[in-house]
Structures are given as structure tokens and as C-alpha cells.
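So the structure is just underneath, and the comments pick up after that.
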Amino acid sequence: MAIIVFSGTVDKLMPVGVLTSGAIAMDMDVDLFFTFWGLTAIRKDAVDANSRFSKDFEDMGAMLSQLMKQKQVPRWSDMVRNAKKLGNVRVHACSMTYDLMGMNKEDLDDMVDDVIAVGEFIDRARDAKITLFI
Amino acid sequence: MPLMKLVEAMKEVDIGRTVEVWSSDSGSQRDISRWAEKMGHEVVAVNHEQGYDRIKVRRRK
């Protein structure tokens, strides 16, 4: 499974964590390509502290965050880390966004495996049975 | 996620042993049954309790 993670809000990152977990459970390899707002969501200083919510459902953000805490739903980032432990999940940072935002390797969370350009990601994704853009 | 807990637990137990998942996720029974079938394990029992299900799976390989 290959997912292009474009979004940086928690409501859209949650399915990234859940789908990655599901794919690993079903014995699939996963390639995650974090680009644009997605890349900002895997910065060390944002990855676990992120509470941004999509603008169109902003009014429900606080309630959902509360519910997730109450029901002990793990953070999306911890889901990805856990999936990495159990199976083959590769976390790629988009080099174009990385350069555009003037990032360094130290800015990115340890879950990141490498910084790659779109060509390499497409080449990895071309054989994936499931491809998603989130 | 109950399925992920099961995937983890299944690696810990010997072949032939069972793991029982207690899940309040209403999708777990179907999810786990499908997973077990795909992975070659066996769902040996499903019990519906008040507010949660108990799903027992035997490791087959």
C-alpha cells in the first residue's frame, strides 16, 4: 500500500495511522510519502503535539480530541511507530517540500526513514495494490 | 486497535495456543475473522458480553 500524505491535520492523519496498521496486520508493505502539510506534521516539534483540525470541521475538533483521549485512542504517530515495529513500513519525506521549507534531518521525527523525490516514490508505488492520497 | 494487539500477541504465543481478544469495537469480530482466515489462523470462539465481544483465536502457523 502506498499513501501520499499531503494533509497535516489530525483528523486526516488519523486514517493514515489506522490504514497503515490495517495494512501491516494484513501482511502488506506500506510506503508513506509525507509532502507539503504532511511533512510539517512529522517535524519533531509537531508530530506528537499536533492538535490542528480541518477548517471545515473545526467546530468539532475539541469534542473529537476529547473523545479520543477519553476512549484512549492512540495518536496517529504512535500507530505508525507501532506498525513499523510489526511490519515493513517505510516513511519517506518529500525532498521538494523539505528543501522549500529549509528543513534539516534533525527537524524530522525518528520515524522518517529517508528524504526522497517524487520519482523514487512513484517508482515504489507503481506496484502497490492500494494507493491513496490523504 | 484490537486487531493490532492481536497481531502482536500472536507473535508471542506458540503454535497451537490461543489468544482471546476482548473488544468493545463493534467491527472487531468481522475484522478478526477475516484476518484469521487470511493469515491461516482459526477463530475458535466468539462470545458477546455486555458492551464487548470476546474473540478467541488459535495460532495455526
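The table below gives the values:
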read-out: Over chain A: Kirkwood hydrodynamic radius from C-alpha pairwise inverse distances, Å; value: 15.0
read-out: Built amide H within the under 5 Å cut-off of A:Leu132, gap 5+; value: A:Ala2, A:Ile3, A:Ile4
read-out: Most positive-pole-ward Cα, B:Ser24, B:Val7, B:Ile55, against dipole of chain B from beta carbon charges; value: B:Val7
read-out: Per-residue average of Cβ from other chains inside 10 Å of B:4-10; value: 4
read-out: Ordering of A:81-93, B:3-15 by packing [mean C-beta count within 10 Å, highest first]; value: A:81-93, B:3-15
read-out: Residue pairs, from the table A:Lys85/B:Lys61; A:Lys85/A:Lys105; A:Lys71/B:Lys5; A:Lys129/B:Lys5; A:Lys69/B:Lys5, whose Cα atoms sit over 23 Å apart; value: A:Lys129/B:Lys5
read-out: Fraction of the pair-distance distribution of the range B:2-58 above 18 Å, Cα-Cα pairs, percent; value: 21
read-out: Whole-number percent relative contact order across chain B, with pairs defined as alpha carbons under 8 Å at least 6 apart; value: 40
read-out: Whole-angstrom Cα spans of the range A:60-130 along principal axes, big to small; value: 41, 32, 23
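Quick note: the coordinates plus some simple rules give every number you see, no bench work behind them. Because the structure is predicted, anything quoted here is derived from the model rather than measured. Every residue, glycine as well, gets a Cβ built from its backbone with ideal geometry; the counts of neighbours run over all protein chains shown.
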